[in-house]
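Please treat every number below as a calculation from the coordinates, not as lab data. These numbers were taken from a predicted model, which means no experiment stands behind them. Cβ atoms come from the backbone with ideal geometry, glycine included; neighbour counts cover every protein chain shown.
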Amino acid sequence: MKIVSSIMMFVFALGIFFTSCGDKNVLNQNRDSAVTTPHEDRVLTEAERDALSPEDIVQDFKEGNQRFLNNDVTVRNHQYRVRQTAVAQFPKAVVLSCVDSRVPVEDIFDQGLGDLFVGRIAGNFADEEMLGSLEFATKVSGSKLVVVLGHQNCGAIKSAIDNVELGNITAMLQYIEPAIEMTTNFPESQRTVKNNDYVQEVVINNVHHTVEDIRRNSPIMAEMEKNGEIGIVGAYYNLEEGDVKFLEQ
């Protein structure tokens, strides 16, 4: 009986050993695929990021948004990415977005941890502090693209149209007023938050105005764009459909 018992314990131990090895092999395979397979846990190195052009990144975002629309986003190993980006980060782009909870920036472009800098402020405008953040992302950290991302049914835009007066919100909305002044092709009776076409055009004009504000108020980024080191572009996110449209400059 003792011999039989010993044999059974030995077989059981072997089973545990081989199961453990199998688990480790799966983990190693996942880790390897994260390095070698596009759109599958691909953490860019500094050299790979630096080799990208702004146009490359815009195209990558367009393809990522299509995957988002198709419900075919990349399956990512988040713990792998946490480990890979803990010491250094090489984001390829910085996105200036609204604070709106319905605009999950990384998700709509199918990007992962370490791929993007994201700056959020209601109305996606660029004040002095935000400009400093964008300069850090580009000049200091090497991101190759700045995207100003507006979105459908923006509450900050609607608040500016309605001349909301509430605490610090009132002062914040002054940054959006130029976009309202730019939107002149609607009669007075249609310049209301109830007119979705009007609101959308103010949102898009606000994106254009912010892009120009970045160029005007940041000589650093304006020079980088002139030299082809970065791109500065605007985009519009449709809440109902989930698609992103890059705007003509």
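What ³J(HN,Hα) values, in whole Hz, does the Karplus curve 6.51 cos²θ - 1.76 cosθ + 1.60 give for segment 122-135 when θ = phi - 60°, with x put for Gly and Pro?
Rounded to whole hertz, the list is 4, x, 6, 9, 10, 7, 4, 5, 5, 4, x, 5, 5, 5.
Using the crude model of +1 on Lys and Arg Cβ and -1 on Asp and Glu Cβ, and no other charge, please compute the dipole size for segment 95-143 relative to its Cα centre, in debye to 20.
20 debye
Using only alpha carbons, build the gyration tensor for segment 44-246 and give me the equivalent ellipsoid semi-axes, biggest first, whole Å.
30, 20, 15
Tell me, what is the FRET efficiency for E63 and T192 to the nearest 0.05, using R0 = 41 angstrom and their Cβ-Cβ distance as r?
Working: r = 38 Å, r/R0 = 0.91.
With a Förster radius of 41 Å, E is 0.65.
Work out how much length R216 to D50 would gain on full extension: take 0.36 nm times their residue separation and subtract the Cα-Cα distance, in nm to one decimal.
Residue separation times 0.36 nm, minus the Cα-Cα distance, leaves 57.2 nm.
Given the Cα-Cα distance of I169 and A86 and 0.36 nm per residue of separation, how much length would full extension add, in nm? Provide the component values of the computation, followed by the final result.
Details: separation 83, 0.36 × 83 = 29.88 nm, distance 3.58 nm.
The I169-A86 span can extend by a further 26.3 nm.
Lysine pairs, Cα distance under 27 Å, 8 or more residues apart or cross-chain: how many in segment 120-249? Working shown, then result.
Working: K139/K226; K139/K245; K144/K226; K144/K245; K158/K194; K158/K245; K194/K245; K226/K245.
So the count works out to 8.
How high is the relative contact order of segment 82-125? Use alpha-carbon pairs under 8 Å, at least six apart in sequence, and give a whole percent.
Averaging sequence separation for qualifying contacts and normalising by length gives 51 percent for segment 82-125.
Provide the gained length on full extension for the span R102 to N70, in nm with one decimal, where the gain is 0.36 nm per separating residue minus the Cα-Cα distance.
9.7 nm
With a ≥ b ≥ c the root eigenvalues of the C-alpha gyration tensor of segment 154-219, is it rounded (a/c under 1.5), prolate (a/b larger than b/c) or oblate? Write down the numbers at each step before the final one.
Working: a/c = 2.36, a/b = 1.26, b/c = 1.88.
The shape class here is oblate.
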